[in-house]
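Derivation of every value follows stated rules applied to the coordinates shown; laboratory data play no part. Just so you know, these numbers come straight off a predicted model, no measurement behind them. Because the Cβ atoms are built from the backbone with ideal geometry, glycine has one as well, and the counts that use them run over all protein chains shown.
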Amino acid sequence: MSDTILNVSDLHASYGPLSVLRGLNFEVNEGQVVVILGANGAGKTTTLRSICQMCDTEGSITLRGTDISSKGTADIIRLGVGHVPQGRGTFAELSVIDNLLIGSYTRSDDGVQADIDRWFEMFPILAERRDQLAGSLSGGEQQMLAVARALMSRPELLLLDEPSLGLAPIIVEQLFETLQRLNKEDGLTMLLVEQNANLALSMADHGYVIESGLIALEGSAQALMTDPAVQAAYLGA
Amino acid sequence: MDLTLLLQRLFDAVFNGGIYASLALALVIIYRATGRFNFAQGEMATFAAFVSFLLLTGPRPFLRGGSVVGLIPGVPWPIPLAVLGAVLFGIVSGAATERILIRRLERKPDIASVNVTIGLLLTLNALTAELWGTGGRFFPAVFPAGPDDHLLIGGARLRFTSIGVWLTLLILVLLLVLLMQRTKPGLAFRAMSTNRASAELHGINIGRTLAAGWALAAGIGALAATLSANSVLLEPSMMLRVLIFSLAAATLGGLDSPKGAVVGGMIVALSQTLVPAYVPFVGNELSLLPAVIMMLLVLLIRPAGLFGTEQVERV
């Protein structure tokens, strides 16, 4: 049994009067890729935002045993959470290299340049465009930049919010190959929110299905893939 | 056309241009940080200049009913130290204003922020008048300003104060560029002004960065007010006109561009001296007119200004 990195129990979340999550329980173990599936409006994005305290939450969220539900976003990032937000969070008016430096904002060690070189190697197109404004990059390039930027903080847990959204299938395939490599080679733990259930389950270890703010189903990725309810609702089988 | 006179008018514009540019720079910093104007920028600067005056006045405090001067060690301070004191006061009070007042407006609509900063303008103006009275006071010149302190170029006089203001402005812009482009707090500021939610997700403390932006802007404003207090006389409304010209300058140059603020400040100052001099029906009383017309034209033709970022988004 591997160590639990993230444990969420009885999580309620709301935006002002609008309640979105109504008592969520799930966990993410070290080295795993965990996927959260669900229809539009089910609360997937809110789940990730809750972990970083970007909305009002109740309930417990622990990162390696430390309760983070009352901490500020900046502190949670410092504790080792990387967040690739929906819409990619690009700093459009800044260069690619500055975008990566922002990713290393919480660090004070001298390994930043080495990490930049490393991600440039993994995403060569970013190296080519290092001095361009990030806003001029294509959607796929911006998504790669968002992943690389989040990795610059050397997170233990990477949250990915619909990375495939709006990308051409070939780009999505490349991106997921890279993510899989990061998981296999670096042992990076990921919590992935996706609409593309097929793709997500194929690289995940474990999965949860959210329906109207509650966990409707959970199981190993394989079990979910063959589950008739999941097939009917999300896999189009 | 009398060339010497033209040259003199150009030189006359230099001093005002430097002051407008400085205050426009402060407006631009806050606009970049918050997407909003601080209409109280001028009055905050005036108040800081009065603090500087307090440090300069020595044993005869002009402060109504007050003996505050007695509490400040070493008063009267020499002028450079008193200016520095005003700048430091600006920095601290700027950060405090953000922390206490402006942060509460974060999630409120823009109009709330407009109302509050205009309210702050009126409050500070009244407070300054209450403490020091409404009469103009002599404030010593920061740079040599005697009758002979000028360079004679083509028969026209370029005063040392004008040169001093521009040198100060250039150093200020240079430091600002270094701060923004080469330091980590500068990177945090640029990240915040480009995409605040994303900046937060990279561990940037938005509150602290905003407060730093307000501190910086108020410090620059304080410098602008103390540098101009000698020529316009120190009085509670001394920066009101300057604020309007600086708003025009910032709009003209592009609201998010420091370079635009400097160029805009100069263009506005030039229009202010040249248009009344050479356009027959515009008298000195209408010297505000060209600035306002330019502001209007910019907003109609090129809302992003000369150097501002146009809002283009790739989706």
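Computed values, structure above
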item: Likely footprinting exposure, A:THR178, A:THR73, fewest C-beta neighbours within 10 Å first; result: A:THR178, A:THR73
item: Whichever lysines have a C-alpha closer than 26 Å to that of B:LYS184, once near sequence neighbours (fewer than 8 apart) are set aside; result: A:LYS71, B:LYS259
item: For B:ARG137, residues with placed amide H under 5 Å, excluding near neighbours; result: B:LEU234, B:GLU235
item: Residues B:VAL282, B:VAL262, A:VAL84, sorted so that the one with the fewest Cβ neighbours within 10 Å comes first; result: B:VAL282, B:VAL262, A:VAL84
item: Cα-centred dipole magnitude for the protein assembly as shown, charges only on beta-carbon of K, R (+1) and D, E (-1), debye, nearest 20; result: 1940 debye
item: Principal-axis tilt of helix A:169-186 within chain A, Cα atoms, nearest 10 degrees; result: 90 degrees
item: Cα gyration tensor shape for region B:3-238, rounded if a/c is under 1.5, else prolate or oblate; result: oblate
item: Shielding by partners - mean other protein chain Cβ count within 10 Å, residues of B:189-200; result: 6
item: 10 Å Cβ neighbours from other chains, averaged over peptide A:95-105; result: 4
item: For region B:103-109, Karplus couplings with θ = phi - 60° (6.51, -1.76, 1.60), whole Hz, Gly/Pro x; result: 4, 5, 9, 2, 8, 8, x
item: Region A:31-45 - phi-based ³J(HN,Hα) in whole Hz, Karplus 6.51/-1.76/1.60, Gly and Pro as x; result: x, 8, 10, 10, 10, 10, 9, x, 6, 4, x, 6, x, 5, 5
item: Exposure proxy order (Cβ contacts within 10 Å, fewest to most) of B:VAL87, B:VAL232; result: B:VAL232, B:VAL87
item: Exposed-site-free run, longest, chain B (rule: GluC sites (Glu not before Pro); DSSP loop; at most 15 other C-beta within 10 Å); result: B:107-309
item: Gained length - A:ASP67 relative to A:GLU185, 0.36 nm times residue gap less alpha-carbon distance; result: 39.6 nm
item: Built amide H within the under 5 Å cut-off of A:GLU211, gap 5+; result: A:ALA216
item: Chain B: DSSP helices with Cα axial extent of at least 27 Å and average Kyte-Doolittle hydropathy no lower than -0.5; result: B:3-34, B:79-100, B:110-132, B:160-182, B:206-232, B:258-278
item: Among B:LEU247, A:LEU224, A:ALA168 the positive-end extreme of the charge dipole of the protein assembly as shown (Cβ point charges); result: B:LEU247
item: On Cα atoms only, tilt of A:139-151 relative to the major axis of chain A in degrees; result: 90 degrees
item: Between helix A:112-122 and chain A: long-axis angle, C-alpha atoms, 0 to 90°, nearest 10; result: 70 degrees
